[in-house]
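The structure appears below as structure tokens.
Derivation of every value follows stated rules applied to the coordinates shown; laboratory data play no part. Keep in mind it's a predicted model, so treat the numbers as computed, not measured. Neighbour counts are summed over all protein chains in view; Cβ atoms, including those assigned to glycine, are modelled from backbone coordinates with ideal geometry.
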Amino acid sequence: MPSLAPTPDSSLRSGALQGAGLGLRRAFTAAVAAAIDQPAAANHRPAAASADPLAPAPAPDLVRQVDFWEIAPENWIGVGGRLGRQLRALTERRPCVAHGLSLSIGAPTPLDRDFIRRLKQFLDQHQILAYSEHLSYCSDHGHLYDLLPIPFTEAAVEHVAARIRQVQDLLERRIALENVSYYAAPAGGGTPLSEQAFLLAVLAEADCDLLLDLNNLFVNSINHRYDPRAFLAALPAERIRYGHVAGHYVEAPDLRVDTHGSAVSDPVWDLLDLAYRHFGPFPTLLERDFNLPPLPQLLGEVAQISAIQQRHGPAHRRVAAASQPRPPNSGNPQTGAYQRPVAANHV
């Protein structure tokens with residue numbers, strides 16, 4: 001299959017990320033592919049409203065409003081045909097990051113090296129600028145089809161950090177771990193830690209980056225009764241790679257369920273604003289996994305991210321390019337280039 005030739009829009013695919021992004025769904029992949037093939041025009045007339053909730057928005061709006069796209073690699077590895085061509089057209093022309101679902105970084109079983117090999121090929125092929133995963137596990141001699149919390153213990157910190165370092169070696173790039181939502185903290189042997197202390201210890205021990213999910217932070221703060229502002233203030237600014245916002249379900253006054261199935265709530269928008277005050281604007285992405293509204297409505301929330309970023313001045317923080325393989329011990333962790341950590345207990 002011949003590769004798609006770059007279009008004038010390919011100049012928008014810079015070597016770094018900033019601004020507001022959106023998670024790519026197959027339901028509107030065709031609309032995105034059509035958008036990137038059409039140059040924006042000042043006299044473009046919006047299409048008439050459609051009864052289809054996923055009807056394409058005006059092409060120039062897609063191009064201008066979404067600064068970067070997030071892809072779940074497990075949903076696309078090995079996909080060919082029309083969908084594969086549409087994905088390749090997007091990744092050739094627009095900045096993209098990847099957010100994994102099945103690395104299972106906290107699992108007790110060995111890492112799936114075959115999957116990591118295929119993942120590396122995918123990241124390299126599509127010039128993915130950043131790869132992130134969940135600080136959780138989802139397998140134990142087979143997939144469990146859920147993201148399960150890791151015990152907040154010092155022993156778990158050492159276990160997870162060693163696996164993160166191994167993955168970074170195999171992928172030849174730094175990765176980011178997302179603070180996850182959870183509903184019960186599992187017991188584990190060893191010294192217990194708070195959620196905050198566990199997260200900070202993993203980031204430091206593994207020398208990896210953070211995908212800061214503001215919705216997960218808010219959901220956990222309600223369910224486990226802590227101050228999300230204090231949690232936020234303790235995070236290391238230099239490790240924030242990019243951010244997520246999403247919606248959740250209010251089950252009860254003291255219980256929130258992380259669903260990604262509704263609009264972002266006002267408290268989460270407030271936390272995002274506070275995060276920008278603490279750290280400056282960083283790339284931030286809207287997640288929406290089901291109950292998908294019309295695409296223009298999603299773009300409205302993406303625009304709201306941009307508006308909050310603009311209130312806090314130029315978005316100087318960027319996700320550095322990580323698309324090309326880098327040898328160990330090269331680069332600077334502050335720029336996102338891979339650098340093997342040096343630790344006394346890691347050979």
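Values for this structure:
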| item | result |
| --- | --- |
| Among beta bridges that DSSP assigns inside segment 201-278, antiparallel share in %, nearest 5 | 50 |
| Net charge dipole size for segment 202-311 [Lys, Arg +1 and Asp, Glu -1 on Cβ; Debye, nearest 20] | 240 |
| Gyration tensor verdict on segment 164-221 (Cα atoms; rounded if a/c is under 1.5, prolate if a/b is larger than b/c, oblate otherwise) | oblate |
| Segment 191-288 shape via C-alpha gyration tensor axes, a/c threshold 1.5 | oblate |
